[in-house]
Every structure is written in structure tokens, then in C-alpha cells.
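The values are calculated or read from the model by the stated rules, or taken from the named source; none is laboratory data. The structure presented is a predicted model; accordingly, all values stated were derived computationally and were not measured. Neighbour counts run over all protein chains shown; Cβ positions are idealised from the backbone, glycine included.
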Amino acid sequence: MAGFEDAAARWNGRYAAEGFLFGTAPNDVLAAQAALFAPGDRVLCVADGEGRNATWLAGRSCAVTAFDISEVGLRKAAALATERGVAVDARLASVDTWGWDDPACGAPFDAVVAVFVQFATPSQRAAMFEGFARALRPGGVLLLVGYGPLQMTYRTGGPGILEHLYDEVMLREAFAGWRIERLHRAQRTLSEGAGHDGMSDVLELVARRP
Ligand SMILES: C[S@@+](CC[C@H](N)C(=O)[O-])C[C@H]1O[C@@H](n2cnc3c(N)ncnc32)[C@H](O)[C@@H]1O
């Protein structure tokens, strides 16, 4: 489990500082896509860190399951949920071992939300994308947000590893057979705490599982 422990230690260290590394507001793409999420929808938030996205969805009366590898992040997420008076089923887990299609892990879901999950290597990413399909019911929706290759120049957030980033061709190939409702890329300013701050290359994907 060295991979788990290394990643957990790294992220626990990043989240140990005072405050919320990516802020407490939901990611702006998620907020803009609010209409995708109806009250009562079962939503899985992948690697949700300090809980900004999961708590926002729970505040919109979704039934939210979230997981992350960082227990420090999860503690902050729990505090944020308490402050907002919402409930999130939050678990300590890695994408590598998450029970994507396991009813004990909340499956099947109406929606999967994966915002800046670019810790994933190409092989981890392929398995994770396959996991999204297993977690969703047919017709369920995936909202994926992440950095594109120009982020290597901007260096305003993200892993700084080119092969972890997305581009349009990669996403179209990865989700071939899904109904792609939106695939958008923009160079724009992000202001999400100290972690994502400044001009950024951002891709957004909304796709429905066949
Ligand atoms: C850039 S942060 C994004 C957090 C959150 N999605 C957000 O938008 O605020 C990446 C997150 O991935 C988590 N993470 C890293 N490796 C992981 C893994 N193998 N499995 C699950 N989560 C992981 C980190 O703890 C961190 O919370």
C-alpha cells in the first residue's frame, strides 16, 4: 500500500495548513451545471478533498457520497458539512480500490462528479474512467473538470505532469459511445483558494453513460 500511503501523506500535508486549499465555494463549472443535479439524485464525488463540491451538492438536496485519500481533507469536509447543516456520506478511500459498482459504496449513481482528479497516471486514469461507467446507472451523467496541456506553461495549479492532463481528443476517445453533451476548453482565470489561482487551461466534459 506504499502508493496509498505516499499519496495520503502528500495530501494530508497539503491540507494541514489553515483554511481551505481550494476554497469552500463549489468549482465554477459544477455551479454552472447545477441543472444537471435534481433533489434526491444520488451523486458520487470522486476525490473531493476538503468537501467544497460534495457539501454544495448536499445543500441542493442531493444524496451525496464522496471519497478521498486524505483523512485531513475528510476532517475538513466534515466540518464544512456541519457548518452548512448538510450530510455527506464521506469515505476514506483511493480510486484504486473504490468499489465503483458496489451498492455498499452507494452505487448505482445518477451522477459522478470528478473535479481536478489529475493525480491519476494514464493507467490509473483509464481504470478510473472505467470506474465512472461502472458507478453510473444507464443514462447517468458524468461531470469532469480538469486541466489541459497549456497548464504546463501557466503553472497556476495541477500536478505539473503533462501525461496527467486532458485534451479534447483524449476525452472523446475515452468516452466514445457516451453521449457527449458538452466538451469545452478555455483559457481563463481560476480563483479557487491558493491551490488553483490564476490563468488556467480548463477542460469541462458533460457526458451521459449509454
Ligand atoms: C486537486 S485536489 C481536488 C480536490 C477536489 N476534487 C476539489 O475540487 O476541491 C485532488 C484530490 O485528490 C485526492 N487524491 C489524490 N490521490 C488520490 C487517490 N489515489 N484516490 C483518491 N483521492 C486521491 C487528494 O487528496 C485531493 O483531495
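Taking the conditions exactly as written (within 17 Å of the chain's Cα centre (by Cα), hydrophobic (A, V, I, L, M, F, W, C) and near the ligand (Cβ under 10 Å from one of its atoms)), does Cys45 satisfy them or not?
Yes, satisfied.
Is it true that some residue in the stretch 68-89 is surrounded by fewer than 17 Cβ atoms within 10 Å (Cβ to Cβ), near the ligand (Cβ under 10 Å from one of its atoms) and at negative phi? Outline the logic, then answer.
Step one: list which residues in the stretch 68-89 are surrounded by fewer than 17 Cβ atoms within 10 Å (Cβ to Cβ), which gives 71, 75, 78-79, 82-85, 87, 89.
From what is left, the residues that are near the ligand (Cβ under 10 Å from one of its atoms) are 71.
Now restrict to residues that are at negative phi: 71.
Yes: the stretch 68-89 contains one or more residues that are surrounded by fewer than 17 Cβ atoms within 10 Å (Cβ to Cβ), near the ligand (Cβ under 10 Å from one of its atoms) and at negative phi.
Looking only at the stretch 113-124, which residues are more than 8 Å from the chain's Cα centre (by Cα) and touching a residue at least 40 places away in the same chain (Cβ under 8 Å)?
Let us first name the residues in the stretch 113-124 that are more than 8 Å from the chain's Cα centre (by Cα), namely 118-124.
Within the stretch 113-124, Gln118, Phe119, Ala120, Thr121, Pro122 meet the criteria.
Would you check if there is a residue in the stretch 156-168 being in a strand (DSSP E or B) and in contact with a Gly (Cβ under 6 Å, 6 or more places away or on another chain)? Spell out the reasoning first.
Within the stretch 156-168, the first condition is being in a strand (DSSP E or B), and the residues that meet it are none.
No, that holds for no residue.
If you go through the stretch 30-63, how many residues are surrounded by fewer than 21 Cβ atoms within 10 Å (Cβ to Cβ) and among the aliphatic types (A, V, I, L, M)?
Of the residues in the stretch 30-63, 7 are surrounded by fewer than 21 Cβ atoms within 10 Å (Cβ to Cβ) and among the aliphatic types (A, V, I, L, M).
Let me confirm something: among Ala120, Ala174, which residue is surrounded by 14 or more Cβ atoms within 10 Å (Cβ to Cβ) and either at pLDDT below 95 or closer than 21 Å to Ala66 by Cβ (or both)?
Ala120
Quick test of your reading of the structure: Arg125 fulfils all but one of (1) surrounded by 20 or more Cβ atoms within 10 Å (Cβ to Cβ); (2) modelled with pLDDT of 95 or more; (3) in contact with a helix residue (DSSP H, G or I) (Cβ under 8 Å, 6 or more places away or on another chain); (4) not in a helix (DSSP H, G or I). Name the failing condition by number.
Exception for Arg125: condition (4).
Restricting the search to the stretch 170-210, which residues are in contact with a Pro (Cβ under 8 Å, 6 or more places away or on another chain) and not in a strand (DSSP E or B)?
First, pick out the residues of the stretch 170-210 that are in contact with a Pro (Cβ under 8 Å, 6 or more places away or on another chain): 177-179, 201, 209-210.
Across the stretch 170-210, the qualifying residues are Gly177, Trp178, Arg209, Pro210.
List, please: which pairs have Cβ atoms under 9 Å, are six or more places apart or on different chains, and start with a residue in the stretch 39-52 that is within 15 Å of Leu142 (Cα to Cα) and end with one that is more than 8 Å from the ligand (Cβ to nearest atom) and of a type in the set (Phe, Trp, Tyr)?
Asp41/Phe109; Arg42/Phe109; Val43/Phe37; Val43/Phe109; Leu44/Trp100; Leu44/Phe109; Leu44/Phe132; Val46/Phe132
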